[in-house]
Amino acid sequence: MTTIAASRPAFSLDLWWIPRSIALGLVAFIIFGPLTNLFLWAVTERWYFPHALPLEYGFSYWGRVFSPRGTAMESLTNSILVAFLTVALAMALAVPAGYALAPLRALIMLTFLIPQAFPNLPVYVNIARLFYQFGLNGTVAGVVLVHVTHGLVYAVWIATAAFASIDRELEEAARSIGASPLRTFRDVTLPLAAPGLLASAIFVFLESLDEFTGSYFVGAPDVNTMPLLLYTASAGGNYQIASITAVLLLLPSVGFMLVIERFLKSDVLSKVGH
């Protein structure tokens, strides 16, 4: 009897793999199910209900996307150009702001996050009306400014955390041996904050690359971007074109997130939001 009673807990613990496996399977399905469907549509020629899998595979739609008559290359070029300009302008503002405001990061983060509490749609509608008066509607400059207003939150947030994670004694040591404030910032502070600033720039780039609402109200139809092309294809029921566009947007996001995971250290992450 003692042997049987002692074996029951072990037997019950052995069954824990069943709910764990079910839970992991559900999580995997939620994450990879839509991605699998996306990649299937990207290589599908014919697929309709009630068939569970495509009837014909091929890459003819990829040729249509990148054909000279298509707008994908123009949209991709515009998206990359706008994203790089957004990163340049946002980081030019975020680096000095993050360094100066690091001691007050909690208050500054609250100030920057308050505008994000409002719905984007009415904000961008009013921005579009304002930009129209200054001739910025339908221009790359107007789209970049909209993206900067949105991406600056992430830029300043992470930049502030990067500068706050630096030991101020290192800066004081440089100053004590005769280094000027500018040289201390250039030779000590900036190199130490570089990984966090790189992660901040990547976040802004990805945010700009995927931004739709502001691009639609300020840039369309003169400035076409990949999210606008994705929306147009989806609204027209062209799931192959929409899926190919989504794949093109997904690849840099995955690659850059791997870079962020490598360079954004735990001491910087611990300062974010505090």
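Beta carbons closer than 8 Å, at least 6 apart along the sequence or on distinct chains, pair a first residue in the range 195-217 that is touching a residue at least 40 places away in the same chain (Cβ under 8 Å) with a second that is charged (D, E, K, R) for 195/265; 196/265. Remark: pairs (first residue in the range 247-260, under 10 Å from residue 206 (Cα atoms) and in a helix (DSSP H, G or I); second residue among the aromatic types (Phe, Trp, Tyr) and open to solvent by 40 Å² or more (accessible area, probe 1.4 Å); Cβ separation under 6 Å; 6+ apart in sequence or on different chains) are absent.
Taking into account only those residues within the range 151-197 that are closer than 20 Å to residue 257 by Cβ and among the aromatic types (Phe, Trp, Tyr), which is surrounded by the most Cβ atoms within 10 Å (Cβ to Cβ)? Once the filter is applied, the top-ranked residue is 157. Would you call residue 91 farther than 18 Å from residue 216 by Cα, at pLDDT 90 or above and hydrophobic (A, V, I, L, M, F, W, C)? Judged against the criteria, residue 91 is a match. Taking the numbered list (1) farther than 21 Å from residue 81 by Cβ; (2) open to solvent by 50 Å² or more (accessible area, probe 1.4 Å) in turn, residue 232 passes all entries but (1). Within the range 93-102, identify whether any single residue is open to solvent by less than 30 Å² (accessible area, probe 1.4 Å), not aromatic (Phe, Trp, Tyr) and not in a helix (DSSP H, G or I), and answer yes or no. Within the range 93-102, not a single residue is open to solvent by less than 30 Å² (accessible area, probe 1.4 Å), not aromatic (Phe, Trp, Tyr) and not in a helix (DSSP H, G or I).
Can you run down the residue pairs with Cβ atoms below 7 Å, 6 or more apart or on separate chains, where the first is in the range 152-175 and closer than 23 Å to residue 83 by Cα and assigned to a helix (DSSP H, G or I) and the partner is polar (S, T, N, Q) and open to solvent by 20 Å² or more (accessible area, probe 1.4 Å)? Taking only residues 6 or more apart or on different chains, the pairs are 153/116.
The set of residues in the range 28-45 that are within 17 Å of residue 238 (Cα to Cα), open to solvent by less than 50 Å² (accessible area, probe 1.4 Å) and in a helix (DSSP H, G or I) comprises 38, 40, 41, 42. Within the range 38-54, residues that are within 14 Å of residue 64 (Cβ to Cβ) sit with their Cβ atoms under 7 Å from residues that are aliphatic (A, V, I, L, M) and not in a loop (DSSP other than H, G, I, E, B), at 6+ positions apart or across chains, in these pairs: 42/244; 42/247. Scanning the range 235-248 for residues that are within 23 Å of residue 120 (Cβ to Cβ) and either crowded, with 19+ Cβ neighbours inside 10 Å or of a type in the set (Ser, Thr, Tyr) (or both) gives 242, 245, 246.
For the range 46-63, the criterion of being of a type outside the set (D, E, K, R), in a helix (DSSP H, G or I) and touching a helix residue (DSSP H, G or I) at 6+ places or on another chain (Cβ under 8 Å) is met by at least one residue.
Considered as a group, the residues in the range 132-150 that are of a type in the set (A, V, I, L, M) and in a helix (DSSP H, G or I) include one that is surrounded by the most Cβ atoms within 10 Å (Cβ to Cβ), and that residue is 143.
The values are calculated or read from the model by the stated rules, or taken from the named source; none is laboratory data. All figures in this text were calculated on a predicted structure; none of them were measured in a lab. Glycine gets a Cβ as well: all are built from the backbone with ideal geometry, and neighbour counts include every protein chain shown. SASA here: full protein model, heavy atoms, side chains in, ligands and nucleic acids out. Shrake-Rupley method; radii C 1.70, N 1.55, O 1.52, S 1.80 Å.
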